[in-house]
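Colleague: Mind having a look at this structure? Questions to follow.
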Number of protein chains: 2
Amino acid sequence: MISTGGGRHRDMSSVTSHMSISLDGFVAGPNQSTENPLGEGGMRLHEWVFATASWRSQHGREGGEGGPDSDVAKRVAEGVGAHIMGRRMFGGGEGAWDESWTGWWGEEPPFHVPVFVLTHHPRAPLRMKGGTSFTFVTGGIDAALTQARAAADGKDVAIAGGAQTVRQYLAAGKLDELHLHIVPIVLGGGERLLEGVGDPELRPVEVVASPSVTHVRYRVIR
Amino acid sequence: MISTGGGRHRDMSSVTSHMSISLDGFVAGPNQSTENPLGEGGMRLHEWVFATASWRSQHGREGGEGGPDSDVAKRVAEGVGAHIMGRRMFGGGEGAWDESWTGWWGEEPPFHVPVFVLTHHPRAPLRMKGGTSFTFVTGGIDAALTQARAAADGKDVAIAGGAQTVRQYLAAGKLDELHLHIVPIVLGGGERLLEGVGDPELRPVEVVASPSVTHVRYRVIR
């Protein structure tokens, strides 16, 4: 790890986002659909994390590799006290809720902390196994952030995605850190992360490198 | 510096390219013109190098800062035995040559080695002060590479730019290394580096970090 001397924003819990991004700037491949929410080739953005021992352990699986990528995945998970995600990331289609849909992740989702889902359609909270809860927030990004901060109990609030939700928080000046996992692939099309976010001032404060991915933690300067 | 164990391609002189790129993937800003060849905001991609002691020294200037960025700029310059550039990077407009144009860089250009300029219009070579020569190649990218390799005398051949020329060599499978200087700015528009280059396999082999820029050297796998 190289620390470039920026230190850590620690006066309150940070609002952070961890995104795997291709060298040409995509966080999902082309032709995203309900069947293929990451788009064509989009799964390649996440192969680095699926290969790590820490990710596998978080998801109740054995095996995987140690090393810098696994350390990054571990620190990311340990630092987060609550997540915020867009409705499309939670899934279940558009419009009023089909209440049989409880997310992509089964009975015991891998978050293990409260998750706040941005939606226009009210729904009662879901309490899942393993510490994950889903709370549906209809009041917009500020309301979700207020609730997530309270739930995070001093830990970080992570904007889990999708890209549009991350862009909303970044453009609104609500993001403290953007942690990019720069994957050495060229997707050639898909959904870009950094489009329509204005001209934020970012400072790389920590870099971790492996043969699979380059992890750069950017502080958003205000 | 973090070496990720890739070692260095050293059986022959490498074909390399060093590009400063924004976080949203641009190597020049929007609205490039003869007056503003880097486009709007494009100069911000290069501020990191202008601030270094080694770049300033290469350009006959005093001052500047030491540190990791300066070390990178020094190693880049020392490793290169010949450059290849597109006609637009050399400048002087389109069509047949105005022979009064000898490049943007004055009597003593900062290359100090042979430079091969891709063009459709023949022109006699130029010998400049300080070891730079400009040789005009009308036979295409392979012919230029053959000549540059011979001139580089075992050192690297650097594809200096513009982006289109780098893309041509990358798409043709002629590039051994792509060294990206990832600058933490969002340009929002301009010329992208990695568009129309297919799906190259890249492996990060070395990372250098500073508060201004993240330098990642990618090996192109064949």
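The values are calculated or read from the model by the stated rules, or taken from the named source; none is laboratory data. These figures come from a predicted structure and were not determined experimentally. Cβ atoms come from the backbone with ideal geometry, glycine included; neighbour counts cover every protein chain shown. In case anyone asks, the SASA skips ligands and DNA or RNA and just uses the protein heavy atoms, side chains included. Shrake-Rupley method; radii C 1.70, N 1.55, O 1.52, S 1.80 Å.
Colleague: So which pairs qualify, if the first residue must be in the range A:25-45 and farther than 25 Å from B:Pro184 by Cα, the second must be polar (S, T, N, Q) and in a loop (DSSP other than H, G, I, E, B), the Cβ gap must be under 9 Å, and the two must be at least 6 apart or on different chains?
Modeller: The qualifying pairs are A:Leu38/A:Gln32; A:Gly39/A:Asn31; A:Gly39/A:Gln32; A:Gly39/A:Ser33; A:Glu40/A:Asn31; A:Glu40/A:Gln32; A:Met43/A:Asn36.
Colleague: Taking the range A:74-103 as the region of interest, how many residues are within 22 Å of A:Ser17 (Cβ to Cβ), touching a residue at least 40 places away in the same chain (Cβ under 8 Å) and not aliphatic (A, V, I, L, M)?
Modeller: 7
Colleague: If I filter the range B:68-81 for residues that are surrounded by fewer than 19 Cβ atoms within 10 Å (Cβ to Cβ), in contact with a helix residue (DSSP H, G or I) (Cβ under 9 Å, 6 or more places away or on another chain) and either within 14 Å of chain A (Cβ to nearest Cβ) or at positive phi (or both), do I get at least one hit?
Modeller: Yes, some residue in the range B:68-81 is surrounded by fewer than 19 Cβ atoms within 10 Å (Cβ to Cβ), in contact with a helix residue (DSSP H, G or I) (Cβ under 9 Å, 6 or more places away or on another chain) and either within 14 Å of chain A (Cβ to nearest Cβ) or at positive phi (or both).
Colleague: All but one of (1) farther than 21 Å from A:Pro184 by Cα; (2) without any contact (Cβ under 8 Å) to a residue 40 or more places away in the chain; (3) facing chain A (nearest Cβ under 9 Å) hold for B:Ala150; state the number of the condition that does not hold.
Modeller: Among (1) farther than 21 Å from A:Pro184 by Cα; (2) without any contact (Cβ under 8 Å) to a residue 40 or more places away in the chain; (3) facing chain A (nearest Cβ under 9 Å), B:Ala150 violates only (3).
Colleague: Please go through (1) within 7 Å of chain A (Cβ to nearest Cβ); (2) more than 30 Å from A:Glu206 (Cβ to Cβ) for B:Gln168 and return the number of the only condition it doesn't satisfy.
Modeller: (1)
Colleague: Go through B:Glu47, B:Glu99, B:Glu94, B:Glu40 for me and flag whichever is in contact with a Gly (Cβ under 6 Å, 6 or more places away or on another chain), open to solvent by 40 Å² or more (accessible area, probe 1.4 Å) and acidic (Asp, Glu).
Modeller: B:Glu40
Colleague: Could you tell me which residue of the range A:184-222 is least open to solvent (accessible area, probe 1.4 Å), considering only residues that are under 18 Å from A:Arg75 (Cβ atoms) and out of contact with any Pro (no Cβ under 9 Å at 6 or more places or on another chain)?
Modeller: A:Val207
Colleague: B:Ala158 - would you say it is closer than 23 Å to B:Met1 by Cβ and either away from chain A (no Cβ under 14 Å) or of a type in the set (Gly, Ala, Ser) (or both)?
Modeller: yes
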